[in-house]
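> Okay, here's the structure, questions in a sec.
The values are calculated or read from the model by the stated rules, or taken from the named source; none is laboratory data. Just so it is clear, the structure is predicted and the values come from calculations on it, not from any experiment. A quick note on method: Cβ atoms are made from the backbone with ideal geometry, for glycine too, and the neighbour counts reach across all protein chains shown. Keep in mind that these areas ignore ligands, DNA and RNA; they rest on the heavy atoms of the full protein, side chains included. Shrake-Rupley method; radii C 1.70, N 1.55, O 1.52, S 1.80 Å.
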Amino acid sequence: MLPFAAFAASKSSKDLRHDLLDGYDPLVPPTAGADVLVNLRVFKVVGVSAASSHMLLKVWFRQSWTDPRLVWSPGDYDNVTSAYFRAASRYDGASNNRGVNEIWLPDIRPYNLGEGFEDTLQPSDVLVNHTGGAFWSRPGVMDVLCKFDGLARFPFDHKLTCPIDVGGWMLDGQRQRVGLLDGGYEGDFVEDDVDSSATLVEASAGSSFTEWDLLSLSAVVRNLTYVCCGDDPWPVVLYEVTIRRNASFFYFYVLIFPPTTLAILAISVFFVSPAVGERLSFGVTLVVASQFGKLVVMQLMPICSELLWVDVFLLINELVTLLSLLESTLVLFLHHYESDSLLPSWLAAPRILRSLAACETADERESVLTLLFTRIRHAAETAVAAEKKARRELEAAAGTSLPPSDSEGEEEGEGAEACASASPAERRHARLAEAGEALAQAS
């Protein structure tokens, strides 16, 4: 009897489908319109990209509606109370053609998806009961383009909210009314005070060892109007998905601790002696390291006009390292500078000559020339002293005496004539003095 009963039920289901689909047009919605109820179950948070404002959610998207054209009497078909109908909602990869739906399907889709809804949800059949009620559930991954709220406090944005608008695309509220099925949403929330051992929850639901957890989910129906469509209402379900970051220590260790350490090290160069030559190179290394930290943050954050907390933090640390490098450069310059004037020679000499040309009396010109000769003599003596110092260092390193230079040969030559002869520095002084006197006479 059991095989015969199963065969009779199969034959009755086949006859039922044939009778219901005879003359049925799947492109025509119910005459009085359809009340479509939607439910979104967030199975798992797959990933979040704040830099591109994307959020991947593993979801079960459910829809329920009533079609009066699919009503039958179970007694006429061996008490068959339900039947399945094909719902082709995606392109066939082999033929690249869209399949044909056996019955009418609601025109419902999320508005802010990065990829088509038909290409991300897996196909499934529609279950229809004898009263005309249809239930359609599909699993898949939603690639949502988010308008995040709370990202300005990164990486201390423990809560981020992403809105998802779900509504009709071609059918307005007159032909397709949208409502909530069982509250409109389900999810495995981290703050639910529910004993998981007492509830039937999938073992693979939720997330572990991930950056984000599902904190809360809400749904509300709104009626919108568009300029293109007059005053016709367009019901839209607004879902707000709130997620929580649970990797605060990672961001502290990667983004907060290194820049803070670099800033402290940049301040420490103030206590290093100017005689240490590595002081300048150490400051340059800190600046390069701070720039590398910015490159790491750029991969995690979006390029936007809003000012983020981490941008201000990195800017302050970068300014500290730059000011430390500037201070080291100034200290080393003053430490090794041996001239009487802070102005360079190419800038100080024209200034003295202009002062000489502006003199009105011989005493004024004499004082200016004396200042000029003093500076030139000091520069020459400094050069000679540096040359002798370098010579002594080379002799100490080589362990032997080097041959005398031209200036030393002239100064240490034999005879009274060599002693009486002028050194190269003195001859330069004499030429500059003659030039100064000529300039003074011309003025």
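> Local charge sum around His158 (other residues, Cβ-Cβ under 9 Å, Lys/Arg +1, Asp/Glu -1)? Walk me through the intermediate numbers first.
Values: positive: Arg153, Lys159, Arg244, Arg245; negative: Asp157.
Here the charged neighbours net out to +3.
> To the nearest 0.05, what FRET efficiency results for Gln122 and Glu338 with a Förster distance of 56 Å applied to their C-beta separation? Spell out each step's value before the answer.
Numbers: r = 81 Å, r/R0 = 1.44.
The calculated FRET efficiency here is 0.10.
> Could you work out what % of the accessible surface of the range 278-337 is carbon and sulfur, using a 1.4 angstrom probe and leaving DNA, RNA and ligands out of the count?
Values: 2940 of 3850 Å².
Ligands and nucleic acids excluded, carbon and sulfur reach 76 percent.
> Let me ask something additional. Over the heavy atoms of Tyr253, what accessible area does a 1.4 Å probe trace out, to the nearest 10 Å²?
140
> I'd like to check one number: the per residue accessible area of the range 200-321, probe 1.4 Å, reported in Å² as a whole number.
Per residue, the range 200-321 has 60 Å² of solvent-accessible surface.
> Let me ask another. Hey, could you grab the Kirkwood Rh for the range 23-157? Inverse mean 1/r over distinct alpha carbon pairs, Å, one decimal. Walk me through the numbers on the way to the answer.
Details: mean 1/r = 0.0583 Å⁻¹.
Value: 17.2 Å, from the Cα pair sum.
> Let me ask something else. Note down the net charge around Leu332, summing +1 for each Lys or Arg and -1 for each Asp or Glu among other residues with Cβ under 15 Å from its Cβ. Kindly include the intermediate steps, with their values, before the conclusion.
Numbers: positive: Arg279; negative: Glu278, Glu327, Glu338.
Local net charge: -2.
> Calculated FRET efficiency, Asp76 and Lys159, Cβ-Cβ r, R0 56 Å, to nearest 0.05? Walk me through the intermediate numbers first.
Working: r = 56 Å, r/R0 = 1.00.
Taking R0 as 56 Å, the efficiency between Asp76 and Lys159 is 0.50.
> A further question follows. Can you give the FRET efficiency to the nearest 0.05 for Leu319 and Trp169, using r as the Cβ-Cβ distance and R₀ = 51 Å?
Efficiency, rounded to the nearest 0.05: 0.50.
> Still on this structure, I have one more. What residues have an amide H closer than 5 Å to that of Lys159, excluding those fewer than 5 places away on the same chain, when H is modeled at 1.01 Å from N in the peptide plane?
HN-HN under 5 Å from Lys159: Arg245.
> Let me ask another. Could you give the length gained on full extension between Glu306 and Lys389, defined as 0.36 nm per residue of separation minus the Cα-Cα distance, in nm? Before the final figure, lay out each step's value.
Details: separation 83, 0.36 × 83 = 29.88 nm, distance 5.93 nm.
The Glu306-Lys389 span can extend by a further 23.9 nm.
> Could I ask something else about it? How do Arg279, Arg222 stack up against each other in accessible area, from largest to smallest, with a 1.4 angstrom probe?
Of Arg279, Arg222, the descending order of accessible area is Arg222, Arg279.
> Collect residues whose amide H, placed 1.01 Å from N in the peptide plane, falls under 5 Å from the amide H of His54; neighbours closer than 5 in sequence don't count.
Excluding prolines and chain starts, which carry no amide H, the hits are Ser49, Cys146.
> Any lysines with Cα under 27 Å of the Lys294 Cα? List them, leaving off those in the same chain fewer than 8 positions away.
Here the lysines satisfying the reach criterion relative to Lys294 are Lys147, Lys159.
> Once the whole set of protein chains is in place, how much accessible area is left on Met298, using a 1.4 Å probe, in Å² to the nearest 10?
120
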